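What follows is a single structure, written as structure tokens, with notes after it.
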Amino acid sequence: MDFIDLKTQQNRIREGLKVRFDRIFEHGAYIMGPEVTELEEKLANYCGVKHAISCSSGTDALLIPLMAWNIGPGDAVFTTPFTYVATAEVISLLGATPVFVDVYESTFNIDCEKLELAIQHTISEGKLTPKAIIPVDLFGVPARYRLIEEIAKKYDLKVIEDAAQSFGATIGNRRTGTFGDVASTSFYPAKPLGCYGDGGAIFTNDDNLASKCKAIRIHGTTTDKYNSELIGLNGRLDSMQAAVLLEKLTIFDEELDSRQNINNYYRKNLQNCQYIPNNYTSSHALFSILLHSSQKREEVIHKLSENKIPSVIYYKIPLHLMEAFSSLGYKEGDFPVSEGLSKRILSLPMHPYLSKGDVELIIDQIR
Ligand SMILES: Cc1ncc(COP(=O)(O)O)c(C=O)c1O
């Protein structure tokens with residue numbers, strides 16, 4: 001059994017992929033070719049947003065808007081310590097300071113009450129200027145954007161939705177990609193919509209921000225390729241990856257439905273699953289449960305692996321306890337919910353091609 005099965009999916013789209021790859025071999029525009037433009041239009045339509053700007057990774061999709069807003073030394077950017085390292089890494093990379101905020105025990109997403117307290121504390125300390133919030137839609141479940149957007153407005157902060165894991169998810173009739181000032185997603189192969197390498201995209205309704213992000217993506221250039229107006233990156237998506245994503249988009253909604261059915265079946269039979277609020281849908285990038293203790297978790301992992309069932313711990317070390325962030329001065333006990341989740345969480349196989357028999361076997365072993 002695979003934790004994520006990309007092979008079965010590839011068999012479904014292989015013929016379409018060959019046609020698209022042949023077309024690229026013919027036209028030879030390997031970078032920023034017509035597939036990239038086609039993909040950007042389709043992504044924007046899919047999310048219901050004005051601009052979709054493809055780029056080289058989910059990490060760059062977070063970095064580029066921060067660069068566009070000139071976020072740097074002396075600025076505070078609020079996010080959670082219970083996420084993949086990229087979310088906070090981009091803040092530090094620009095010389096700004098990640099200010100961590102604990103998560104809700106139910107959804108594993110940023111706790112809005114604690115967020116407001118952290119903003120007020122940063123303001124009263126007077127060392128850093130609050131600039132932005134990066135809420136993470138963990139495992140595919142959107143963060144609490146109604147409250148986050150209210151808080152951002154109150155304190156005049158920008159919001160970047162880290163939708164790396166939540167492409168396709170919704171709150172009411174709004175899709176991820178439309179929350180905050182800008183949203184970033186990842187097309188890493190294991191993501192709900194993934195390519196066959198690295199890739200990402202930025203979504204926004206802000207024309208000005210979109211033009212800046214487009215320029216930063218190509219070394220800060222706009223009209224003249226050899227005359228940079230801004231400091232930028234080599235942050236482009238290539239035509240081959242765009243072709244893969246275009247083919248995968250044609251089956252994406254069906255795959256979301258399958259993930260939803262598998263999720264329903266898991267939930268009917270298991271306790272302590274990640275909570276999905278009413279009116280929210282998840283893209284089910286991962287399916288996670290909480291065990292009673294780290295010792296129980298070890299026993300479950302062992303039992304599952306004896307039956308050749310893979311499981312993974314996302315995330316075993318919260319960011320504030322990683323050496324890379326040690327200069328921020330956090331210590332154990334600062335974010336008890338994130339720390340507790342790290343000790344007890346376990347992700348089970350989740351992909352659209354998981355059979356009912358496999359899910360039954362997993363549930364059976366856990367019980
Ligand atoms: C929450 C989150 N943010 C950002 C990223 C970075 O995406 P990428 O790996 O495409 O750079 C990931 C990827 O795993 C992620 O899970």
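Read-outs: derived from the displayed coordinates by stated rules, not from any lab. Just so we're clear, the structure is a prediction, and the values are computed from it rather than from any experiment. When we count neighbours, we look across all protein chains shown, and the Cβ atoms used for this are built from the backbone with ideal geometry, even at glycine.
Can you list residues whose amide H is under 5 Å from S54's amide H, if they're 5+ apart or on another chain and H is modeled 1.01 Å from N?
I202
Give me S92, S288, S186 sorted ascending by neighbouring Cβ count inside 10 Å, so fewest comes first.
Details: S92 16, S288 23, S186 30.
Sorted ascending by nearby Cβ count, the order is S92, S288, S186.
So which of K191/K214; K158/K191; K114/K268; K296/K316 end up more than 21 Å apart, counting from Cα to Cα?
K191/K214; K158/K191; K114/K268
Would you kindly derive the ³J(HN,Hα) couplings of the stretch 140-156 from the backbone phi angles with the Karplus curve 6.51 cos²θ - 1.76 cosθ + 1.60 (θ = phi - 60°), listing them in order in whole Hz, with x for Gly and Pro?
x, 8, x, 6, 8, 5, 4, 6, 4, 5, 5, 5, 4, 5, 4, 9, 6
Excluding residues on the same chain fewer than 8 positions from K153, give the aspartates and glutamates whose Cα lies under 14 Å from its Cα.
Output for K153: E116, D181.
In whole Hz, with x marking every Gly and Pro, tabulate ³J(HN,Hα) for the stretch 201-207 from phi via Karplus 6.51 cos²θ - 1.76 cosθ + 1.60, θ = phi - 60°.
For the stretch 201-207, the Karplus-derived couplings read 8, 10, 10, 7, 9, 8, 4 Hz, x marking Gly and Pro.
Suppose the chain between Y265 and Q295 were pulled fully straight at 0.36 nm per residue; how much longer would it get relative to their current alpha carbon spacing?
8.2 nm
Quote to one decimal, in nm, the extra length available between N272 and F25 on full extension: 0.36 nm per residue of separation minus the C-alpha distance between them.
Full-extension gain reported as 84.0 nm.
Report the normalised scattering of the chain as log10 I(q)/I(0) at q = 0.06, 0.11, 0.15 Å⁻¹, calculated by the Debye formula with identical scatterers on the alpha carbons.
-0.22, -0.76, -1.35
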